[in-house]
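These notes concern the structure reproduced below.
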Amino acid sequence: MPAKKTRRSTGKLFRKPSPPGRVSKFPCPNPDAPLTLNEIVDRMQFDSDFAQFISRLLCASYTDDNAKACLASYYKPTTDELTGLCIPKRYHKLIMACTVPDQDLLIAVPARYFSQPGS
């Protein structure tokens, strides 16, 4: 004689739906002041989740205006930092006004590097 099958509890059928898409622990826009180049690289070095978040934003920022705005809320290099990288002052305004901000590329390598496990 086959074993009697029991019904599942109906409590499990009515779960709270999970929100669509990926939920990040980093809000957009950033509620705090944007980080300078040195600050954002330092934070990425010690927080791989943050580095991965910034890396994903960088990739998305070229085609997604929301990602671009979110990235801008987290990162703003200073003119002193740009000068320290030997970027002439005449290019600072141009760099900061580009549709695809070139200064974001300054953090692309550390974002990718520090988001990798074991870095």
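What does the extension gain come out to for ARG90 and ASP49, with contour length at 0.36 nm per residue minus their alpha carbon separation?
On the way: separation 41, 0.36 × 41 = 14.76 nm, distance 3.51 nm.
Full extension of this stretch gives 11.3 nm more.
Close amide H contacts of LEU35 (hydrogens built in the peptide plane, cut-off under 5 Å, sequence separation of 5 or more or a different chain): TYR75, LYS76. What net charge do the residues around LEU37 carry, taking every other residue with its C-beta under 10 Å from that of LEU37, with Lys and Arg at +1 and Asp and Glu at -1? Net local charge, LEU37 excluded: -3. Under 5 Å from the amide H of ILE87 lies no amide H of any residue 5 or more positions distant or on a separate chain, with H modelled from the backbone and absent for Pro and chain starts.
To the nearest 0.05, what FRET efficiency results for LYS25 and GLN116 with a Förster distance of 25 Å applied to their C-beta separation? Walk me through the numbers before you get to the answer.
On the way: r = 19 Å, r/R0 = 0.76.
The formula returns an efficiency of 0.85 here.
Readers should treat all values here as calculations from the given coordinates under stated rules, not as data from a laboratory. Being a predicted model, the structure only gives us computed values, none of them experimental. Heads up, the Cβs are rebuilt from the backbone with ideal geometry, glycines too, and the neighbour counts pull from every protein chain shown.
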